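A.B. asks: This is the structure, below, for whatever I ask next.
The values are calculated or read from the model by the stated rules, or taken from the named source; none is laboratory data. Keep in mind it's a predicted model, so treat the numbers as computed, not measured. Please note: Cβ atoms are built from the backbone with ideal geometry, for glycine as well, and neighbour counts cover all protein chains shown. Side chains included, ligands, DNA and RNA excluded: accessible areas come from the protein's heavy atoms. Shrake-Rupley method; radii C 1.70, N 1.55, O 1.52, S 1.80 Å.
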Amino acid sequence: MTFKEKLHSVLGDCLAEKPSIFLIDLVVTDAFKVIVALDGDQGVALQDCIDVSKFIDSKLDREEQDYSLEVASVGVGSALKQVRQYKKNIGRTLIVKTNAEIIEAELVDANDDFVILSWQAREPKKIGKGKETIQKELQLPYGDIKEAIVTVTF
C-alpha cells in the first residue's frame with residue numbers, strides 16, 4: 001500500500017467519526033508535504049482541524065515515511081468543488097463562471113445533478129425604448145460550471 005493510499009484510508013476512518021466534516025482536497029507533494037482541505041455542513045472549527053491532524057499522526061508512522069502535515073478548512077474565497085458544498089450554500093450569492101458567461105446570482109436550490117440560480121437583470125424593453133428589470137432563473141448542470149465562488153457581503 002502506498003503512502004497516499006494509506007493516508008486516504010486513515011482520513012476516511014477519521015471523517016467517518018465526524019460525519020458533518022468532509023474532505024475537499026488531499027495533496028501529497030514529492031517531498032511528502034501532506035495538505036488536507038476540509039469543509040463542513042456547519043463549517044469547520046479549529047478544533048476539528050486539530051482533531052483530524054492528531055488522528056492522522058496517531059495512525060501513520062513517521063519512521064516508515066517522514067512527512068509534514070497541514071490540515072485546514074477551505075478559505076472564504078475558495079471555489080466550490082463538491083455537490084455537498086453547493087447544498088450547504090443554498091440562499092447565498094455565488095459568482096458562477098461558465099464557458100459562455102459570468103453570473104452573480106442567488107443559489108436557490110441544488111441537487112445531485114444541477115443548481116438553480118436566480119438573479120435580476122436589466123434588459124431592453126420588448127416595446128418602446130429603455131430597459132426594464134426582469135427576474136431570471138437558470139437551471140445549470142454541474143458539468144457546465146467552470147468555477148463557483150460564494151460572495152461575502154458585509
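A.B. asks: Report the charge-dipole magnitude of the stretch 1-113 in Debye, nearest 20, computed about the Cα centre from +1 at each Lys and Arg Cβ and -1 at each Asp and Glu Cβ.
C.D. replies: Values: 13 positive and 21 negative charges, 25 e Å.
Its charge dipole is roughly 120 debye.
A.B. asks: Given H placed on each backbone N at 1.01 Å, which residues far from Glu147 in sequence or on other chains put an amide H within less than 5 Å of it?
C.D. replies: Here the answer is Lys97, since their amide H atoms fall under 5 Å of that of Glu147.
A.B. asks: Now, a different point. Roughly how many Å² of Lys4 are accessible to a 1.4 Å probe, to the nearest 10?
C.D. replies: 90 Å²
A.B. asks: In what sequence, highest mean first, do 44-56, 142-154 appear when ranked by Cβ atoms within 10 angstrom?
C.D. replies: On the way: 44-56: 15.6, 142-154: 12.8.
Order by mean packing, descending: 44-56, 142-154.
A.B. asks: Go through Thr29, Val76, Thr98 and say which Cα lies farthest out towards the positive end of the charge dipole of the chain; charges sit on Cβ, +1 for Lys and Arg, -1 for Asp and Glu.
C.D. replies: Among Thr29, Val76, Thr98, the one farthest towards the positive end of the dipole of the chain is Thr98.
A.B. asks: Let me ask something additional. For Lys6, list the lysines whose Cα falls under 27 Å from its own Cα; do not include residues on the same chain fewer than 8 positions away.
C.D. replies: Lys6 reaches Lys18, Lys33, Lys54, Lys59, Lys81.
A.B. asks: Hull surface divided by four, with the convex hull built on the Cα atoms of the stretch 35-77: how many nm²? Walk me through the intermediate numbers first.
C.D. replies: Details: hull surface 13.5 nm².
Computed as one quarter of the Cα hull surface, the answer is 3.4 nm².
A.B. asks: Let me ask another. Could you give each residue of the stretch 118-131 its phi-based ³J(HN,Hα) in whole Hz, using Karplus coefficients 6.51, -1.76, 1.60 with θ = phi - 60°, and x for Gly or Pro?
C.D. replies: For the stretch 118-131, the Karplus-derived couplings read 9, 7, 9, 9, 9, 9, x, 5, 5, 10, x, 9, x, 10 Hz, x marking Gly and Pro.
A.B. asks: Would you calculate a helix-derived [θ] at 222 nm for the chain, using -39,500 (n - 2.57) for each DSSP H run of n ≥ 4 and dividing by the full residue count, to the nearest 500? Working shown, then result.
C.D. replies: Details: 3 runs with 34 residues, N = 154.
The per-residue figure over the chain is -6500 deg cm²/dmol.
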